[in-house]
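To start, the structure itself, in structure tokens.
The numbers here are math on the coordinates, done by the rules we state, and not lab data. Since the structure is predicted, the reported quantities are computational estimates derived from the model, not experimental observations. All Cβ positions, glycine included, derive from the backbone under ideal geometry; neighbour counts span all protein chains shown.
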Amino acid sequence: MRRYFSISIMFLAIVLLSGCQSKVLQMVFEPQELYNYAVTEGVTCTSPGMIDGDLKTRGYADGRWIHLNLPTQKAIHRITINGTNIINAMIYEKLEGEGRWRAIMQIQNNESPVIKMRVNAVVTDAIRIYISGTTDDKKAANRFDPRRGTIVPQIKLGRAFIHELEVYGLVSKDNKSQ
């Protein structure tokens with residue numbers, strides 16, 4: 001066991017001293033910082049006001065949906081929604097292939113105007129948010145649905161808005177365009 005440990009240490013020293021410039025070693029040893037991909041060139045969103053970098057502007061959802069498209073696939077570590085009236089929502093990442101999406105985060109009973117979420121193992125070029133509840137929803141009297149055979153609550157979804165949608169990934173401090 002001791003022999004394997006010594007060999008491992010020697011191998012690591014040789015790799016480090018030889019100046020190997022592999023991506024893995026660069027990621028381990030280069031200083032990294034979070035970078036908001038939503039404000040980079042080529043990014044599109046349902047409402048440009050959501051990704052303009054200004055917390056004073058407001059963008060509105062297209063019905064129940066918000067779509068954010070990145071120009072290339074990025075590793076996403078954090079999603080922040082600033083200044084919103086969203087109470088309940090589901091966040092999806094786009095998978096390889098046409099029309100394939102996977103749920104990565106659920107927002108339930110949110111009462112804060114700022115939503116911060118950490119995500120793991122998300123590499124995608126698009127995010128979408130399905131909004132199922134806002135603070136501006138209008139509730140009406142419940143009605144009987146004969147197809148379901150039950151009483152169904154009647155809710156008219158309010159107009160969902162976000163002041164700023166931020167999607168963060170790690171990049172080296174020297175190169176923020178990755």
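Looking only at segment 28-71, filter to residues that are on the phi > 0 side of the Ramachandran plot and out of contact with any strand residue (DSSP E or B) (no Cβ under 6 Å at 6 or more places or on another chain); which one of those is surrounded by the most Cβ atoms within 10 Å (Cβ to Cβ)? Break it down stepwise before answering.
Applying the first criterion (on the phi > 0 side of the Ramachandran plot) to segment 28-71 yields 42, 53, 63.
This time we only want the ones that are out of contact with any strand residue (DSSP E or B) (no Cβ under 6 Å at 6 or more places or on another chain), so: 53, 63.
Values: G53: 10, G63: 12.
Here the residue is G63.
Considering only segment 50-150, give the strands (runs of 3 or more DSSP E) lying wholly within it that have at least 3 residues that are more than 18 Å from L170 (Cα to Cα) and of a type in the set (S, T, Y). Don't jump to the end; show me each part of the working.
On the way: elements: 65-84, 86-94, 101-107, 114-134, 138-145.
It comes to 114-134.
Identify, by number, the condition in (1) crowded, with 16+ Cβ neighbours inside 10 Å; (2) more than 21 Å from S47 (Cα to Cα); (3) among the β-branched types (V, I, T) that I151 doesn't meet.
Among (1) crowded, with 16+ Cβ neighbours inside 10 Å; (2) more than 21 Å from S47 (Cα to Cα); (3) among the β-branched types (V, I, T), I151 violates only (1).
Any idea which residue in segment 124-153 is nearest to Y60 (Cα to Cα), counting only those that are among the aliphatic types (A, V, I, L, M) and over 10 Å from the mean Cα position of the chain (by Cα)? Let's see the steps before the verdict.
Taking segment 124-153 as the starting set, the residues that turn out to be among the aliphatic types (A, V, I, L, M) are 126-127, 129, 131, 140-141, 151-152.
With the extra rule that they be over 10 Å from the mean Cα position of the chain (by Cα), the set shrinks to 131, 140-141, 151-152.
On the way: I131: 11, A140: 23, A141: 27, I151: 31, V152: 27 Å.
Looking at residues that are among the aliphatic types (A, V, I, L, M) and over 10 Å from the mean Cα position of the chain (by Cα), I get I131.
Which residue pairs have Cβ atoms closer than 6 Å, lie 6 or more positions apart in sequence or on different chains, and pair a first residue in segment 152-175 that is among the β-branched types (V, I, T) with a second residue that is part of a strand (DSSP E or B) and surrounded by 14 or more Cβ atoms within 10 Å (Cβ to Cβ)?
Short answer, once both residue conditions are applied: I162/G59; I162/I81; I162/T84; V167/I76; V167/I79; V171/Y35.
Of the numbered conditions (1) in contact with a His (Cβ under 6 Å, 6 or more places away or on another chain); (2) without any contact (Cβ under 8 Å) to a residue 40 or more places away in the chain, R128 satisfies every one except a single condition; which is it?
(2)
Is there any pair linking a residue in segment 45-64 that is free of Cβ contacts under 8 Å to residues at least 60 places away in the same chain to one that is of a type in the set (A, V, I, L, M, F, W, C), with Cβ under 6 Å and at least six apart or on different chains, and which?
T46/I66
For the condition closer than 28 Å to Q154 by Cβ, of a type in the set (A, V, I, L, M), without any contact (Cβ under 8 Å) to a residue 24 or more places away in the chain and buried (at least 16 other Cβ atoms within 10 Å of the Cβ), what is the one hit in I87, I107? Give the derivation first.
Working: I87 fails: without any contact (Cβ under 8 Å) to a residue 24 or more places away in the chain.
The match here is I107.
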